[in-house]
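Inspection log for the structure reproduced underneath, given as structure tokens.
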Amino acid sequence: MKFITFFLLSFCFIWQSFAQTSVKGRTIDSQTKQPIPGVSVSIQTFETKSDAKGNFELTVAPGDYSIIMV
């Protein structure tokens, strides 16, 4: 019985680790519509920078977040 309980709990933790989503976007200048490279993009403790074409991607758990770009 202990083994079955441990197995079910392990399965729940493994399943939870797959429950992530990607947040993708592009940083552009609002006037020129040109990409802005090197912008720091963060969601809570997750952070990345936009690439040379202004693209970025973060992987986070599903939920409601505020995105901060500096």
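Read-outs throughout are calculated quantities, based only on the coordinates presented, and are distinct from any laboratory measurement. Keep in mind the model is a prediction, meaning the values are calculated, not measured. Cβ: placed from backbone, ideal geometry, glycine included. Neighbour counts: every protein chain shown.
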Cut-off under 5 Å, modelled amide H: who pairs with residue 28 long-range:
36
Sequence order, region 34-44: Karplus ³J(HN,Hα) from phi using 6.51 cos²θ - 1.76 cosθ + 1.60, θ = phi - 60°, Hz rounded, Gly and Pro as x, gives 8, x, 10, x, x, 6, 7, 10, 9, 10, 6
Describe numerically, in nm with one decimal, the distance between label points set 7 Å from Cα along Cα→Cβ at residue 42 and at residue 61.
1.9 nm
For residue 49, which sequence-distant residues (separation of 5 or more, or a different chain) have an amide H within less than 5 Å of its own amide H, given hydrogens modelled in the peptide plane?
41
With each label point set 7 Å from Cα along the Cα-Cβ vector, what nm distance links residue 69 and residue 31?
1.6 nm
Hz values of 3J(HN,Hα) by residue in region 55-70 - Karplus curve (6.51, -1.76, 1.60), Gly and Pro given as x
7, 9, 8, 10, 10, 9, 6, x, x, 9, 9, 9, 9, 10, 10, 10
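Could you order peptides 47-57, 30-40 by the average number of other Cβ atoms within 10 Å of their residues, highest first?
Listed from highest to lowest mean packing, they are 47-57, 30-40.
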